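What follows draws every value from the coordinates through simple rules; no lab data is involved. Here the structure is a predicted model, which means the values were calculated and not measured. Note: ideal-geometry Cβ built from the backbone for every residue, glycine included; neighbour counts use all protein chains shown.
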């Protein structure tokens, strides 16, 4: 159905086994996220937020429960099918940037397209467009060690959007950045959310960062304990 949420999770659980014991990292989560939302996922260490993000990103499989992404049930897919869905529908941004050290910014951004059916010329064009969108067109030939932390995270965001995904999953994307650079990165996420309509789920432990999103989901002990819709603050440089 056209009005189905982009993400629909029901009774999602992930149990890890260590010897004779079991640890429920995620324990019966229900969650809907509509297309175009900007959602913060908060919680202390061990709350389950990273486990949830890995399941939503098709990087792991649930022990039980249902997860539908863009109308497709994910839980029963093979590893190859999950990889295909991940490459088409999801962009990832990590705290550590995860850029290849000896590869230019442009080549780092092109990487997700290597596994697609996009030709080389189109790969270059889309990577340059993505770098322009994050304000780094003039840094295309630079290596990561020639860029600041904020610029490296912008390259990572360009890499996340180059496949034109429906969903961006960002895991503590401002954790290694100072306050001013954090504001710039959050402004970029807000702008992409509003101009591209891309859905953003952002894991953070910082209330100041969560304030810029339209919804805050808080987790504890593998469960969602609150889910609050709010009026987002406008990051510097982003029109309300």
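A few comments on the model shown:
- Boolean, residue 150 is in contact with a helix residue (DSSP H, G or I) (Cβ under 7 Å, 6 or more places away or on another chain) and closer than 26 Å to residue 37 by Cα: yes
- Selection status of residue 50, under 22 Å from residue 206 (Cα atoms), within 17 Å of the chain's Cα centre (by Cα) and loosely packed, with under 14 Cβ neighbours inside 10 Å: no
- Restricted to the stretch 206-220, and to residues there that are assigned to a loop (DSSP other than H, G, I, E, B) and in contact with a strand residue (DSSP E or B) (Cβ under 7 Å, 6 or more places away or on another chain), the residue that is surrounded by the most Cβ atoms within 10 Å (Cβ to Cβ) is 213.
- Residue within the stretch 156-176 that is over 29 Å from residue 74 (Cα atoms), assigned to a helix (DSSP H, G or I) and touching a residue at least 24 places away in the same chain (Cβ under 8 Å) present: no
- Qualifying residue in the stretch 81-96 (condition: loosely packed, with under 15 Cβ neighbours inside 10 Å and in contact with a strand residue (DSSP E or B) (Cβ under 7 Å, 6 or more places away or on another chain)): no
- Subset of the stretch 44-71 that is outside any loop (DSSP other than H, G, I, E, B) and touching a helix residue (DSSP H, G or I) at 6+ places or on another chain (Cβ under 7 Å) - its residue that is farthest from residue 194 (Cα to Cα): 67
- Taking the stretch 126-142 as the range and being surrounded by 16 or more Cβ atoms within 10 Å (Cβ to Cβ) and either in a loop (DSSP other than H, G, I, E, B) or more than 22 Å from the chain's Cα centre (by Cα) (or both) as the test, the residues that pass are 134, 136, 139, 140, 142.
- Considered as a group, the residues in the stretch 53-80 that are touching a strand residue (DSSP E or B) at 6+ places or on another chain (Cβ under 6 Å) and without any contact (Cβ under 8 Å) to a residue 60 or more places away in the chain include one that is surrounded by the fewest Cβ atoms within 10 Å (Cβ to Cβ), and that residue is 64.
- In the stretch 9-43, residue surrounded by the most Cβ atoms within 10 Å (Cβ to Cβ) [restricted to those that are assigned to a loop (DSSP other than H, G, I, E, B) and in contact with a helix residue (DSSP H, G or I) (Cβ under 9 Å, 6 or more places away or on another chain)]: 43
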